[in-house]
Structure formats: structure tokens, C-alpha cells
Amino acid sequence: MIKLLKGLTLALALTSFGAIADDVTSLQKIIFKQEAFKSSFNQDVKRSDGKEVAKSSGTLALKRPDRLMLHTLSPDEQVLFTKGNDVLYYDPFVNQVSIFSKKNLYTSPFMLLTSKSSEIWGKYTVKACGDTYTLTPKSVGEVRSIKIVVANDAIKDLYILMKDGNTNHYALSDITYSVSDSVFDYTIPQDVQIDDER
């Protein structure tokens with residue numbers, strides 16, 4: 001009887017592991033089907049009680065292996081983009097650019113979408129439920145979970161649940177798969193204040 005229970009436990013564990021591995025593969029097939037994509041986005045931030053606390057809109061562009069441009073245009077301009085081995089966050093309102101090492105930001109949901117690295121994906125547990133994939137970080141950080149909703153083999157919505165209970169929802173639209181390298185170029189003023197976090 002004990003042998004039978006051990007056998008069933010092992011079989012269930014292996015089946016569960018296989019399903020999780022298949023969920024990762026399924027999601028990666030969708031994400032990495034195209035080498036690049038660009039879209040408009042509308043973002044809303046809601047508290048845990050459902051109250052909306054912020055809204056924004058802009059454009060998102062990705063190009064593998066690791067190009068990213070998240071350009072918020074409304075209500076205020078803000079730009080998050082990759083340049084070489086760095087990630088830059090520019091806020092024109094305060095005329096400041098913060099510079100981070102790219103390797104330290106791979107837990108960011110958007111950076112995750114640019115990389116096929118098993119080391120990076122290994123930091124998450126991935127589970128599928130219909131057209132929704134939930135990614136849960138294996139270690140505690142600012143992000144508690146990421147939900148990716150797909151439709152017609154394309155990312156439609158991103159829901160990022162933060163440690164403070166707020167949920168950032170990005171609704172993507174007007175998706176195109178031909179993206180010029182110039183999309184990732186952004187000129188920062190020479191008189192900008194620099195906050196180097198590398």
C-alpha cells in the first residue's frame with residue numbers, strides 16, 4: 001500500500017511538473033513567435049479595493065534579443081529604454097535620467113518578454129488557465145505576479161500585481177510586427193541630471 005501511495009505521489013508530481021513545463025513552452029511560443037513587435041498601450045493602476053489611482057498611455061516596442069522601448073506620452077512623458085548593457089529611465093518633467101544595469105532588471109515583466117534565457121524564466125512558476133498565463137516569482141520582490149492574456153496568438157493584456165497590492169494593467173492595441181531600429185533611439189538632453197544606479 002505504501003509503495004502504491006509513493007508511486008501515485010511521484011506520478012502526480014511528474015505530471016504536474018510536465019504540465020508546468022508545457023505551460024512555459026506554450027507561452028514562449030506565443031511571445032517569441034515574432035522577433036519584434038510594437039503596440040499602443042493604455043495603462044491603468046488600481047488599488048486592491050479596485051479604486052483607480054492612475055492612468056497613462058503610450059507605445060511599447062520590443063525587438064529581440066533585448067531591445068525595449070516603453071514610451072509613455074500621456075498624461076506626462078516618460079521613457080524607459082535599453083541602450084547597450086544598460087536600461088535608461090528618463091523623466092523630462094524633472095530632467096533626470098536613471099541608469100540601471102540590464103542584468104539587474106530581468107525580473108521586470110517587460111524585460112522578461114525580450115529574453116529566452118532559461119536562467120531568467122527559471123525565476124518564475126508559470127501556469128496556464130485558458131488564454132491567461134500567470135507567472136509567479138519564486139523569490140519575494142516588488143512584483144507578486146504577472147498575468148499575460150493572449151488572443152489570436154498575440155499578447156492582449158498584461159496585469160502586474162505589485163507588492164503594495166496595486167495592479168498595473170496594460171491593454172495593448174494596434175500591434176505590428178515590423179519594427180525599425182530607429183524606434184529604440186531616444187535623444188536625452190545634454191543638461192540632464194544623471195542618477196547612475198549601476
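We did not get these values from a lab; they are worked out from the coordinates using the rules stated. Since the structure is predicted, the reported quantities are computational estimates derived from the model, not experimental observations. Ideal geometry is used to build each Cβ from the backbone, glycine not excepted, and the neighbour counts take in all protein chains shown.
Annotations
- Proxy reagent accessibility, fewest Cβ within 10 Å first, across 83, 55, 138: 138, 55, 83
- Label point distance in nm, residue 78-residue 28, each placed 7 Å from Cα along Cα→Cβ: 3.1
- Per-q log10 I(q)/I(0), the chain, q = 0.10, 0.17 Å⁻¹ (Debye; single scatterer per alpha-carbon; no solvent): -0.47, -1.27
- Under the combined filter of DSSP loop state and at most 15 neighbouring Cβ atoms within 10 Å, the range 36-109 retains these chymotrypsin sites (Phe, Trp or Tyr not before Pro): 93.
- Taking the centroid of alpha carbons for each part, the range 116-174 and the range 26-54 are 8 Å apart.
- Residue with peak Gaussian network fluctuation, the chain [Cα springs, cutoff 10 Å], from 122, 58, 50: 50
- Using a Gaussian network model of the chain in which every pair of alpha carbons under 10 angstrom is joined by a spring, one finds that among 188, 160, 148 the greatest mean-square fluctuation is at 188.
- The chain: calculated mean residue ellipticity at 222 nm from DSSP helix runs of at least 4, using -39500 (n - 2.57): -6000 deg cm²/dmol
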